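Below is one structure, written out as structure tokens; comments come after it.
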Amino acid sequence: MPPDVLVIGAGVSGLSTAICLAEAGRRVMVAAADPPPRTTSAAAGAIWGPHLVGKDDRVHEWSLRTLATLTELAADPATGVRVATGTAATRAGQSGPLDWVGDLHGTRPCDPAELPAGYAGGWRLTVPIVSMTVYLEYLLARLTRAGGELRTADFGSLAEAAALTGAPVIVNCTGIGARRLVNDDDLVPVRGQVIIARNPGLSEFFVGVGDAPYDFSYYFPHGDLLLLGGTEETGNWSLDPDPATAERILRGCAAVEPRLAGVEVFEHRVGLRPTRPSVRLEEESLDGRRLLHNYGHGGAGVTLSWGCAEDVTAAALG
């Protein structure tokens, strides 16, 4: 029997969407060329906060709904989500690209003594952060419990996916892969490289914005592990870790937190953030079938995931 819905893509957007549909009673198949640990989502930090996402009146609502869901999930350590306290700082002072901090309760400006050297202003905030390897495992297990299934498949086109599965509803959650799958030339990759290292005992996160565009240093503690970043390289399609970039990340983070000097490195990860002028969440027809698109979330895939998944589900059930 064919599934009611085929979701293409097994990153955070695809799995969240599939869960919402399966928990609403639909037979759901997720098909993806790469398993969850090899998706862009696995290379995310990840912290809640709209970032590198196109201007769209819907983004704020999607992000707030996802914030509420992530906060609820943080009550269960098995999800990989926790509500953490940390610092978001800029070298340019209190203004800057981190305007989303205003959506969080309890945010306050940093005292000068709380800022690392070289940073002019910042905020103390409490926000969900996500250990993505744990979170993706949780999402996949939740999907399975709801009756959904994951299969490996690399479709050449949406028409091929429809013909092979027979699903009357298809949801395109392919991220940067949508550039090839649906010939979306508006999609541009923004490469991110991160490091997984031993946590020397840090409990708070840090996000620092430098003087130059897309100059970032950040780290997120996840238990015994620490994720350090980062990069934003527009138009770079390489998935190979760059040793020079890794050294720069380590130097930048150690300048903020001296305990990170000489930290033990376990792994390097690279992901391609799928940026476009606006998130594509819309419906069209495909050979008599319903096709819903849900991609182009930029650096806000986690931040928008549940809000977008709920809207896709409402559309699919309508």
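The values are calculated or read from the model by the stated rules, or taken from the named source; none is laboratory data. All of these numbers come straight from a predicted model, not from anything done at the bench. When we count neighbours, we look across all protein chains shown, and the Cβ atoms used for this are built from the backbone with ideal geometry, even at glycine. Just so you know, the surface numbers come from the protein's heavy atoms only, side chains and all, with ligands and any DNA or RNA stripped out. Shrake-Rupley method; radii C 1.70, N 1.55, O 1.52, S 1.80 Å.
For the pair residue 251 and residue 144 in one chain, pulling the backbone fully straight at 0.36 nm per residue adds 34.4 nm over the alpha carbon distance.
With the charge dipole of the chain set up from +1 on Lys and Arg Cβ and -1 on Asp and Glu Cβ about the Cα centre, the Cα lying farthest toward the positive end among the listed residues 138, 295, 212 is that of 138.
Over segment 19-112, one equal point on each Cα, no solvent: what is log10 I(q)/I(0) by the Debye formula at q = 0.11, 0.18 Å⁻¹? Listed by q, the Debye log ratios stand at -0.48, -1.17.
Note on segment 163-318: with charges restricted to the Cβ of Lys and Arg (+1) and Asp and Glu (-1), its dipole about the Cα centre is near 200 debye. With both labels modelled 7 Å from their Cα along Cα-to-Cβ, the residue 103 to residue 183 distance reads 3.5 nm. Charging the Cβ of each Asp and Glu at -1 and of each Lys and Arg at +1, and nothing else, the dipole of segment 181-230 about its Cα centre rounds to 300 debye.
Solvent-accessible area of the chain (1.4 angstrom probe, protein heavy atoms only): carbon and sulfur portion equals 52 percent.
Listed peptides 141-148, 127-134 appear in the order 127-134, 141-148 once ranked by packing, highest mean of other Cβ atoms within 10 Å at the front. Computed about the Cα centre, the dipole magnitude for the chain is approximately 300 debye when only Lys and Arg (+1) and Asp and Glu (-1) carry charge, each at its Cβ. Peptides 220-231, 72-83, ordered by how many other C-beta atoms sit within 10 Å of their residues on average, highest first, read 220-231, 72-83. Annotation: for a label point projected 7 angstrom from Cα along Cα→Cβ of residue 267, residues of segment 176-207 with backbone N closer than 13 Å are 194-198. Quick check on the chain: of the DSSP beta bridges with both residues there, what percent are antiparallel, nearest 5%? That works out to approximately 70 percent antiparallel. Rolling a 1.4 Å probe across the protein heavy atoms gives the chain an accessible surface of 42 Å² per residue. If you plug the beta carbon distance of residue 23 and residue 1 into 1/(1 + (r/R0)^6) with R0 = 22 Å, you get a FRET efficiency near 0.70.
Between residue 111 and residue 225, the contour length at 0.36 nm per residue exceeds the Cα-Cα span by 38.2 nm. Calculated FRET efficiency, residue 211 to residue 61, Cβ-Cβ distance, R0 = 35 Å: about 0.60 to the nearest 0.05.
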